[in-house]
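Comments concern the structure below.
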Amino acid sequence: MLLYESIATGLRRQIAQGTLRGGERLPSVRQLALAHQISPATAVQACLQLEREGLVEARPRSGYFVRAAPSGLPSTPIARRRAPGQVANPALQGLLELPQRPGLLMLHAAVPDASLLPHAPLGAALSRTTRRRATAAMDYAPSQGDPALRRQIAQRYEHTGTAMTAEEIVITAGATEALTLALRVVTAPGDVVLVETPTYYGILQAVAALGLKVLEVPNRLEHGIDVARLDRLLQHTPVRAAILVPNFNNPTGSLTCDADKQALLASCARHGTVVIEDDIYGELAWSGQRPLPLRHWDTGGNVITCGSFSKTLAPGLRVGWLAGAAWTEALARAKYFSSSSNASLPQLAVGDYLARHGLGRHLRRLRRAVADNGQRMRDAIARHWPAGTRCSAPAGGLSLWLQLPPGGDGLALFDAARAAGIGISPGVLFSSRGDYGDCVRLSCGLPWDARLDKAMRHLGRLAARQPGARQ
Ligand SMILES: Cc1ncc(COP(=O)(O)O)c(C=O)c1O
């Protein structure tokens, strides 16, 4: 292949794959010549070739631009390889691709709608931080995180009567990184880890990615974690860690009561099982009464508590944390070697927001909106979904968990909903064993409006078309 042809082929591929989009400028002739060690004349030849093909156009004194509607060139997809430890769940791939669909109604994502989050004051905090603390905002943050933010987080636990120090807190990229670091520090590949069933698929992915074995303890819609069962499981199997969501499990929204929390802590301590507590929904009690974290009763330093501002302030800022108890030093080291530190600007801005506004008023409004929306969605399900559909009655959090009538298929409903522009989560995602094929999870983070009303009716009709459904 001639030299200019090979340059043109590279540019053509970028246009076909969308790396270079309609209206964007190609690298200049000089840049192309330098990057590929070719003469400017050869670079010009490559551009002229693309112009002849109608892919780019020359603009006087500006260079070559990708034409707005490039002809439909076949892109060359890269064969997908699966990493060891990755859960082979095609439904998960489908779910990950959903956000790329413009206009989709986001009932699959357990996050509050943007209208319920304090975007304006957070935006103001970001620009204030950029203006007033430019050097700190652009520099590396301390590896464990901004000290002022860590104190603010510790204070929030102290307000619930839960002893906590800023020294124990490590700021992480959301609860996701907190959970992964905690698992990495306390377990070794091949260890057994206890999870709830159903549970958040991110937990199942993290456990699988680290080569850990899973033992499941039921989460019951009404009562949360089945503590008697947990104790029996620990008696028979050495379990290194239990990764639990006692405050508003995702997807069921169930709350484990204080007595059961204390019983499970005692059981884990007796059997040498470390507790990794995912308290990401602790602030989202529909009643307004924040339940206590497991950490409240932990006297032996056996509980690593993970949290995040993703569900209360802004998921995109990626500000989460863990409180490391007896593992703080090892966790801080793991964070350092994982990503050095979190980005400085979001940490400082969240700290600024908290110092100015606190969380109280915003959380009261958010909880009321989510509870109200959850109730309206439950009413719509009772009215428009086929008889025999069962729906959770969450105590908090952001999800409704539905079981379809006998013969119902959550994955088929996911596909049909997606085709209709509605994102939902199929139940199989929430089990490591492919259970819950007849279940789906819906987010109740969207405010109730005509579009949501219509979508709930439509989902009901789609569910009613499934074999076995009776209206
Ligand atoms: C139970 C649970 N843990 C962790 C996460 C991830 O949180 P983050 O966005 O802070 O990483 C989620 C998000 O849905 C969740 O539901």
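The values are calculated or read from the model by the stated rules, or taken from the named source; none is laboratory data. Everything quoted here is computed from the prediction, not taken from an experiment. All Cβ positions, even for glycine, are placed from backbone atoms using ideal geometry, and neighbour counts span all protein chains on display. Ligands, DNA and RNA are excluded from the accessible area calculation, which covers all protein heavy atoms including side chains. Shrake-Rupley method; radii C 1.70, N 1.55, O 1.52, S 1.80 Å.
A residue that is within 13 Å of the ligand (Cβ to nearest atom) and in contact with a strand residue (DSSP E or B) (Cβ under 7 Å, 6 or more places away or on another chain) can be found somewhere in segment 288-305. Residue count for segment 314-331 satisfying the condition of being open to solvent by 20 Å² or more (accessible area, probe 1.4 Å) and either in a loop (DSSP other than H, G, I, E, B) or within 30 Å of L117 (Cα to Cα) (or both): 5. Among the conditions (1) in contact with a strand residue (DSSP E or B) (Cβ under 6 Å, 6 or more places away or on another chain); (2) touching a residue at least 40 places away in the same chain (Cβ under 8 Å); (3) not in a loop (DSSP other than H, G, I, E, B), the only one that L215 does not satisfy is (2). Does any residue of segment 188-199 turn out to be within 16 Å of the ligand (Cβ to nearest atom) and either in a loop (DSSP other than H, G, I, E, B) or not assigned by TED's automatic domain parsing to the domain that holds G174 (or both)? Yes, segment 188-199 contains a residue that is within 16 Å of the ligand (Cβ to nearest atom) and either in a loop (DSSP other than H, G, I, E, B) or not assigned by TED's automatic domain parsing to the domain that holds G174 (or both).
With respect to the conditions (1) away from the ligand (no atom under 16 Å from the Cβ); (2) under 30 Å from R378 (Cβ atoms); (3) not in a strand (DSSP E or B), L233 lacks only one, and its number is (2). Among the residues in segment 246-253, are any open to solvent by 40 Å² or more (accessible area, probe 1.4 Å), touching a strand residue (DSSP E or B) at 6+ places or on another chain (Cβ under 7 Å) and at pLDDT 95 or above? Within segment 246-253, none of the residues are open to solvent by 40 Å² or more (accessible area, probe 1.4 Å), touching a strand residue (DSSP E or B) at 6+ places or on another chain (Cβ under 7 Å) and at pLDDT 95 or above. Tell me, yes or no, whether segment 256-269 has at least one residue that is outside any helix (DSSP H, G or I) and within 15 Å of the ligand (Cβ to nearest atom). Yes, the conditions are met somewhere in segment 256-269. Scanning segment 5-27 for residues that are more than 16 Å from R67 (Cα to Cα) and touching a residue at least 24 places away in the same chain (Cβ under 8 Å) yields E5, I7.
Here's a check for you: in segment 182-230, which residue that is within 17 Å of P251 (Cβ to Cβ) and acidic (D, E) is surrounded by the most Cβ atoms within 10 Å (Cβ to Cβ)? Residue satisfying both the conditions and the ranking: E196.
Considering (1) in a helix (DSSP H, G or I); (2) farther than 26 Å from L104 by Cα; (3) open to solvent by 40 Å² or more (accessible area, probe 1.4 Å), the lone condition that Q347 does not fulfil carries the number (3).
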